[in-house]
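The structure under discussion appears below in the form of structure tokens.
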Amino acid sequence: MELWYTEEHSESVRFSIKVSKQLYSEKSEYQQIDVMTSEEFGTFLTLDGLMMVTEKDEFIYHDMIVHVPMAVNPSVKKVLVIGAGDGGTVRELVRYQSIESIDLVEIDEKVIEISKQYLPFTACALEEPRVNLRLEDGLRFVRSKQDEYDLIIVDSTDPFGPGEGLFTKEFYGNCYTALKEDGILVNQHESPFYSSDAAAMQMTHRRIRSFFPVSRVYQAHIPSYPSGHWLFGFASKKYDPLIFDAQKWNSLGLKTKYYNTDLHSGSFALPNYVKELLENNLY
Ligand code: SAM
């Protein structure tokens, strides 16, 4: 008998991975959590039936969500990460000696626990002394913060379920206030390809743009996510992400599997249909 994990990428498109073994399946207080292994993608984590992390392609997502903002401002000291319970974003951040503290705000303790148990490839730095884990809603956490962070990374689930609040105007406005005067906000920005993802991506961009003077979008190819074409948002009070010191980042000597400074610039060059979605985006 064969066991397959199948995810609906649109109402008429499905994506399937042959499962070698189901390692975990349980509903937490917030969401359905599943961990499976597969020959092609290795171990993978899904939440509410949506792919979060696979052992094979997580490096693409985590390289791009961390190294792009860190190359733009390598002096970042205080970071807020929202979501990200699998630990991959923190694993990349702790490689920067210049970072003094990372507040990791994850709503679901179970995701942290399961990731430590089954996803050591991403969860390996969650115990690092610079990481302060807060088990609470990111939307509530940022409400009381002012002028505190150099960088906020929103590594959330999609805009429904527990992640819904992390795509609201209120949240982005509070992130703006929580950032220092040269602060950067990076978020997972959904996909431009299938219409429901594209609508979420447009809404997200519109809302972020209403607060930040600099609001750009960059892309990566992530095979296990819907359509494989994934976007990230880069918003800042000051920095243009295309003006950065590539030599300085390269001198850090960080070995990365996806990110490099040429790709950094290239990732902001968007296809015409994506540019149109972002520009014709008034409502
Ligand atoms: N890379 C992933 C993706 O985009 O598919 C995201 C991974 S990470 C596992 C997302 C995390 O965000 C989940 O563990 C979820 O529990 C957490 N999360 C969702 N809503 C949240 C909220 N309001 N506050 C804090 N964390 C939240």
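The values are calculated or read from the model by the stated rules, or taken from the named source; none is laboratory data. As the structure is a computational prediction, the values presented were derived from the model and not from experiment. Reconstructed Cβ throughout: ideal geometry from the backbone, glycine too, with neighbour counts over all protein chains shown. For the accessible areas, the whole protein counts, side chains as well, though only heavy atoms, and no ligand, DNA or RNA atoms are used. Shrake-Rupley method; radii C 1.70, N 1.55, O 1.52, S 1.80 Å.
So is residue 93 open to solvent by less than 30 Å² (accessible area, probe 1.4 Å), more than 25 Å from residue 43 (Cα to Cα) and not assigned by TED's automatic domain parsing to the domain that holds residue 42 or not?
no
I need a count of the residues in region 202-232 that are among the polar types (S, T, N, Q) and within 15 Å of the ligand (Cβ to nearest atom).
Looking only at that region, the number is 4.
Out of the residues in region 230-262 that are in contact with an Asp or Glu (Cβ under 9 Å, 6 or more places away or on another chain) and within 20 Å of residue 188 (Cβ to Cβ), which is surrounded by the fewest Cβ atoms within 10 Å (Cβ to Cβ)?
Once the filter is applied, the top-ranked residue is 257.
Report whether or not residue 76 is more than 26 Å from residue 195 (Cα to Cα), at pLDDT 95 or above and not in a strand (DSSP E or B).
On the way: more than 26 Å from residue 195 (Cα to Cα): yes; at pLDDT 95 or above: yes; not in a strand (DSSP E or B): yes.
Here the answer is yes, as residue 76 does meet what is asked.
Given the structure, is residue 139 outside any helix (DSSP H, G or I) and not charged (D, E, K, R)?
Values: outside any helix (DSSP H, G or I): no; not charged (D, E, K, R): yes.
No.
Looking only at region 42-77, count every residue that is open to solvent by 30 Å² or more (accessible area, probe 1.4 Å) and among the hydrophobic types (A, V, I, L, M, F, W, C) and tell me the total.
The total comes to 3.
Which residue is surrounded by the most Cβ atoms within 10 Å (Cβ to Cβ), if the candidates are limited to region 9-38 and must be acidic (Asp, Glu) and at pLDDT 95 or above?
Only one residue fits best here, namely 34.
Suppose we filter region 152-197 for residues that are away from the ligand (no atom under 14 Å from the Cβ), buried (at least 24 other Cβ atoms within 10 Å of the Cβ) and part of a strand (DSSP E or B); how many remain?
So the count comes out to 4.
Give the residue, chosen from 237, 169, 257, 180, that is under 24 Å from residue 138 (Cα atoms), touching a helix residue (DSSP H, G or I) at 6+ places or on another chain (Cβ under 6 Å) and among the basic types (Lys, Arg). Can you show your working first?
Numbers: 237 fails: touching a helix residue (DSSP H, G or I) at 6+ places or on another chain (Cβ under 6 Å); 257 fails: under 24 Å from residue 138 (Cα atoms); 180 fails: touching a helix residue (DSSP H, G or I) at 6+ places or on another chain (Cβ under 6 Å).
Checking each option against the conditions leaves just 169.
Quick check on my filter: what residues within region 125-151 are among the acidic types (Asp, Glu) and within 13 Å of the ligand (Cβ to nearest atom)?
At the first step, the residues of region 125-151 found to be among the acidic types (Asp, Glu) are 127-128, 136-137, 147-148, 150.
The answer is 136, 137.
What residue, among those in region 17-72 that are among the small types (Gly, Ala, Ser) and not in a strand (DSSP E or B), is nearest to residue 3 (Cα to Cα)?
49
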